[in-house]
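I have placed the structure first, in the form of C-alpha cells, so that the comments after it can refer back to it.
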Amino acid sequence: QVEMLRQQYPDLTAEQLAQLGVKNMILNELVLQEVVRQEGERLGITASTAEVSFEVANMPEFISEQGKFDADTYQRFLKHIGLTSQEYEGDVRNWLIQRKLEEYVTAGVYVTDVEAKSIFSYQNEERTLNHLFINATEFAGLTEMDEEAVAAYYEEHKDAWSIAPRIAISYLDISPATLAVNIEIPEEDAQAFYQLYAERYFTQDEQVHARHILIRPEDDTDAAKEAALAAIQEVRDRIKGGEDFAAVAEEVSADGSASQGGDLGWFGRNQMVEPFEEAAFALKPGELSEPVETQFGYHLILVEERHEERVKEFEEVKADILLQLAEDQAADLMGDVVDTALELIYAGEDLDSVSQEVGLEVQAVELATQDELQADMELDDDAATAIFGLGQDEISEFPIATDDGYLLVLVTEKRGREVKPLDEVRAEAESGLALENSLKLAKEKAEELLVLALGE
C-alpha cells in the first residue's frame, strides 16, 4: 500500500503516512479479511481453483486489446507488487469467499420502498457551506529547528528509517539450464530429433502480419456507435484515396499501436477476438478490410504479409533443439551433481572448490532483505525462509529446492534490523520536523479564528 501511495505521491514522507493512518487502515483491512475467511470456513463457503483462475483470467487489467488474457502482463504485475502467483491468487480466493459471504448474508434481506427512498434522499442530500483553509505552508520557517529538536524528532520516528534484516549470499544454481552449458550435443542427434518430431513440435501455424486502426465510440449508445462507424468510413476513404495507412493510424487510431503506425506484428489463429481474426485471415497481402466491429470499437485492417501453415526448416530450430537435448541430459545428471556437491561440503570443502568440481559458476547476491531476495531470485516462500535461516558464514547442508532445480547457499554477510543513522537521514528528519511545526502553527491559527467566528 505504501509503494502504491508513493508512486502517486513520490515526496510522501513517513510523517505524512502516519498522519494518513495508513498502518491502521491496512491493519483493519487484514483483520476484516481474516474474520471473513474464518466465518466463510465456518459456513463451508469456499472458492475453487477453477473459480479463482476464471476470476484472474477475466480481470480487465490483464486483458489485451485483442480481448485475450495476457500472461506476460499478469507476470509483470506480480513482479511489480512483489507477490507470487500463489500469493496473489490466494488473495483472490479470499476475496471471492468474502463476496460469497456478503451474498449469503444479504440474500434474504428485503428493503421496503420507504427505506429505499430514505437512502436515496440521504445519498442525494446537499449542503452549502463556507470554509477557510489554513495552509500549513504559510507557516514554514517560522519556528527554529535546533540540533536537539531534530535529534528528538529522529528518535521519535526511528521506525520510519529502519532497514529490515539483510543477507548477502554466494550460491550454486544446480538446474538443467545451468548444467546444460557444459554439455555438447552432436548435430546428428539434433537432426535425428528433428526427423522424428518436426511435424509435432515445429509446425508453424498460419500467420498474418497486419496493421489496424481503431475508432472507439464515446459511449454505448446507438448514436455514438453510428458516429464511430461514420468516422472509420471516412478514414477508409482517405486510405483508399492514397494516404499512407501507417501515417493515418498514427494520427487517428485509439489503440496503443498507433505510435507504431498500427503495426500488430505477426499473429496466428486464436490470438485476436473472433471478428477481427476472421477479417484479417480473409484478406490478401496489401488488401484493406471493410470496417470490422468488435467490443473495442471499429477497426480497419491492412494485411501486409502472410505465412501459410508450414514445418520450420531444421536450421531455424537447430539451436532450440540442441538446447532442449542438452537440458534433457542435464536433468538426468542433476541428482548426481547434487550428491557430489553435498559430499564435498560434508568433507569440508568451500563453495569455490565445489563449483570447480561440478563445473558450475558461483553466483552472488549483495545485501538484500528477504522480500528483495525472493523477488530477485524468483524463490517461493519456503526457499527464501530457508536461506534467511542460515547463519553468518554458514553453508546449506541440504539442497534448497527451486522451481527447476536446487541451490547450495553460503551466507557471506548477515545483518539484523538496523536504523539509518541521523546523519544519513538528516534532511528527511528536518523536513518532517518542519512540516510538524507548520501544522501545529496552522492548527493554533485555526483555533484562534474559530473562537472569533463563534464569538460573532
Checklist entry - Which of the residues belonging to region 183-205 are open to solvent by less than 40 Å² (accessible area, probe 1.4 Å), closer than 30 Å to A282 by Cα and either not in a helix (DSSP H, G or I) or not hydrophobic (A, V, I, L, M, F, W, C) (or both)? => result F202, Q204
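For every residue, the table says whether it meets (1) at pLDDT 85 or above; (2) within 37 Å of the chain's Cα centre (by Cα); (3) open to solvent by 50 Å² or more (accessible area, probe 1.4 Å); (4) within 28 Å of Q295 (Cβ to Cβ).
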position	(1), (2), (3), (4)
E39	yes, yes, yes, no
S85	no, yes, no, yes
I97	yes, yes, no, no
V114	yes, no, yes, no
S121	yes, no, yes, no
N130	yes, no, yes, no
Item to check | Any pair with Cβ under 8 angstrom, 6 or more apart, that starts in region 43-67 at a residue that is within 16 Å of L96 (Cβ to Cβ) and loosely packed, with under 14 Cβ neighbours inside 10 Å and ends at one that is modelled with pLDDT of 85 or more and among the β-branched types (V, I, T) | outcome: T46/I97
Checklist entry - If you go through region 141-167, how many residues are basic (K, R) and in contact with a helix residue (DSSP H, G or I) (Cβ under 6 Å, 6 or more places away or on another chain)? => result 0
Checklist entry - Right, Q392: farther than 21 Å from G348 by Cα, open to solvent by 20 Å² or more (accessible area, probe 1.4 Å) and not charged (D, E, K, R) or not? => result no
Checklist entry - Of all residues in region 267-297, which are open to solvent by less than 20 Å² (accessible area, probe 1.4 Å) and assigned to a strand (DSSP E or B)? => result F267, G268, V292, T294, G297
Checklist entry - Considering D376, D403, which residue is under 25 Å from R166 (Cβ atoms) and out of contact with any strand residue (DSSP E or B) (no Cβ under 7 Å at 6 or more places or on another chain)? => result D403
Checklist entry - What residue, of E87, E126, is among the acidic types (D, E), at negative phi and assigned to a loop (DSSP other than H, G, I, E, B)? => result E126
Checklist entry - Name the residues in region 219-262 that are among the aliphatic types (A, V, I, L, M), farther than 17 Å from H209 by Cβ and in contact with a Gly (Cβ under 9 Å, 6 or more places away or on another chain), would you? => result A228, I232, A247, V248, A254
Checklist entry - Within the bounds of region 71-78, is there any residue that is of a type in the set (K, R) and within 30 Å of I213 (Cα to Cα)? => result yes
Checklist outcome for this item: Going through region 409-455 in order, the residues found to be within 30 Å of S355 (Cβ to Cβ) and of a type outside the set (G, A, S) are V409, L410, V411, T412, E413, K414, R415
Item to check | Flag if E29 is surrounded by 13 or more Cβ atoms within 10 Å (Cβ to Cβ) and out of contact with any strand residue (DSSP E or B) (no Cβ under 9 Å at 6 or more places or on another chain) | outcome: no
Next on the checklist: Please verify whether E125 is touching a Leu at 6+ places or on another chain (Cβ under 9 Å), more than 30 Å from E378 (Cα to Cα) and open to solvent by 100 Å² or more (accessible area, probe 1.4 Å), treating the condition exactly as stated.
Outcome noted: no
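If I filter region 47-63 down to residues being assigned to a loop (DSSP other than H, G, I, E, B) and modelled with pLDDT of 85 or more, which single residue comes out as nearest to D376 (Cα to Cα)?
Residues of region 47-63 that are assigned to a loop (DSSP other than H, G, I, E, B), as a first pass: 47-48, 58-59.
Cutting the leftovers down to modelled with pLDDT of 85 or more gives us 58-59.
Numbers: N58: 28, M59: 26 Å.
Ranking the qualifying residues of region 47-63, first place goes to M59.
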Next on the checklist: Take Q374 and tell me if it is polar (S, T, N, Q) and open to solvent by 80 Å² or more (accessible area, probe 1.4 Å).
Outcome noted: no
Checklist outcome for this item: Flagged in region 414-456 as part of a helix (DSSP H, G or I), among the hydrophobic types (A, V, I, L, M, F, W, C) and under 40 Å from the mean Cα position of the chain (by Cα), in numbering order, are L422, V425, A427, A429, L433, A434, L435, L439
Checklist entry - Here are some residues: K79, K100. Which one is closer than 30 Å to G256 by Cα, of a type in the set (K, R) and part of a helix (DSSP H, G or I)? => result K79
Checklist entry - Can you find a residue in region 236-259 that is outside any helix (DSSP H, G or I), of a type outside the set (D, E), surrounded by fewer than 18 Cβ atoms within 10 Å (Cβ to Cβ) and under 36 Å from the mean Cα position of the chain (by Cα)? => result yes
Checklist entry - Do you know which of the residues in region 163-182 that are among the hydrophobic types (A, V, I, L, M, F, W, C) and open to solvent by less than 30 Å² (accessible area, probe 1.4 Å) is nearest to E418 (Cα to Cα)? => result I167
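The values are calculated or read from the model by the stated rules, or taken from the named source; none is laboratory data. Keep in mind that this is a model prediction, so the values were computed, not measured. Note that each Cβ is placed from the backbone with ideal geometry, even for glycine, and that neighbours are counted across all protein chains shown. What goes into the accessible areas is simple: the full protein's heavy atoms, side chains included, and nothing from ligands, DNA or RNA. Shrake-Rupley method; radii C 1.70, N 1.55, O 1.52, S 1.80 Å.
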